[in-house]
Amino acid sequence: MGSGTNIGRVRGLGSAQEGAHHWIVQRVTAVSNLLLVLWLVFSLIRLPNFEHELMVEWLSSPLVAVPMMLMLVSIFWHLRIGLQVLIEDYVPDHGMKFGLIVLLNFFAIGGAALGIFSVAKIAFTGVVA
Amino acid sequence: MAGASGSASNRPLSPHLQVYKWGPHMLVSILHRATGDGMALVGVPLLVWWLYAISAGPESYAYFQSWFDWFYLGYIVLVGMSFSFFEHMYSGLRHFVLDAGAGYELQTNRMWSIAVPLAAIITTGAMWLYIASKNIL
């Protein structure tokens, strides 16, 4: 693909000079996912039960709320890149591909925002109900 | 890419799926994508729903739990998601080694490709045995 010829660059076929960015972010978030999801798994299985009262009390602790929020950012970032690769591999139509990647961005940012806000609300309001 | 000339050209085609001999490295690659996309499309929305339900109050959380209890659905999904996580985790660790340029020798690659799903099954089983022994779910 137009590796450096003038007409190739005009048509946008040359290197965008940022080809490795997603690759690196996917690996950085893989490491943070590894740490944070293992933290979640070990924390959850060590809880005595999963009643609402205990969940609120547990999530109110900064040492739970903060890693939970960081985990949401890490997970949604990682899955945004991963699902983009899925779409790029299996959706040949350019319009459909573009639309699905836009939807994916809405899903990733909206989902992360809802999750983080929920954790913040629990942490800041504590046991009310 | 070379495909620009389309089907009119008479160039040799790359071996297609039916020509490949099935091997563990193919299985672990397919499982990596399937488990990752499965967690992204099922597990993560459930995680957010769980956090939202806790934040919205006891009734909302009870509704979440009513879906969890419906016909063992929660157990089926959680076992699937926990296996997906461990499979994706071990497979991802394998990818880190491959990224470093190591582990491409045929026997080594084959060995780790078999080890990854086995480790995921063993870890998932161990975790659920621990959960069952504590009787917390």
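Taken together, B:SER82, B:SER113 contain a single residue that is more than 30 Å from A:THR125 (Cβ to Cβ), in contact (Cβ under 8 Å) with a residue 60 or more places away in the chain and buried (at least 18 other Cβ atoms within 10 Å of the Cβ), which is B:SER113. With respect to A:GLY99, is the statement that it is touching a helix residue (DSSP H, G or I) at 6+ places or on another chain (Cβ under 8 Å) and of a type in the set (Gly, Ala, Ser) true? No. Please find, within the stretch B:123-137, the residue that is farthest from the other protein chains (Cβ to nearest Cβ) out of those that are surrounded by 12 or more Cβ atoms within 10 Å (Cβ to Cβ) and under 22 Å from the mean Cα position of the chain (by Cα). Within the stretch B:123-137, the match that is farthest from the other protein chains (Cβ to nearest Cβ) is B:GLY125. Has the stretch A:74-89 got at least one residue that is more than 8 Å from chain B (Cβ to nearest Cβ), of a type in the set (Lys, Arg) and in contact (Cβ under 8 Å) with a residue 12 or more places away in the chain? Looking for residues that are more than 8 Å from chain B (Cβ to nearest Cβ), of a type in the set (Lys, Arg) and in contact (Cβ under 8 Å) with a residue 12 or more places away in the chain, one finds at least one in the stretch A:74-89, hence yes. Sub-6 Å Cβ pairs linking a first residue in the stretch A:110-123 that is closer than 10 Å to B:VAL48 by Cβ to a second residue that is polar (S, T, N, Q) and part of a helix (DSSP H, G or I), at least 6 apart or interchain, are A:SER118/B:SER55, ordered by first then second residue.
Among the residues of the stretch B:50-67, those that are among the aromatic types (Phe, Trp, Tyr) and surrounded by fewer than 17 Cβ atoms within 10 Å (Cβ to Cβ) comprise B:TYR63, B:TRP67. Restricting attention to the stretch A:9-36, the residues being among the basic types (Lys, Arg) and either within 22 Å of B:ALA40 (Cβ to Cβ) or exposed (fewer than 12 other Cβ atoms within 10 Å of the Cβ) (or both) number 2.
Just so you know, all these numbers are worked out from the coordinates, no wet-lab data involved. Nothing here was measured: the structure is a model prediction, and the numbers come from that model. Here Cβ is always computed from backbone atoms with ideal geometry, including for glycine, and neighbour counts include all displayed protein chains.
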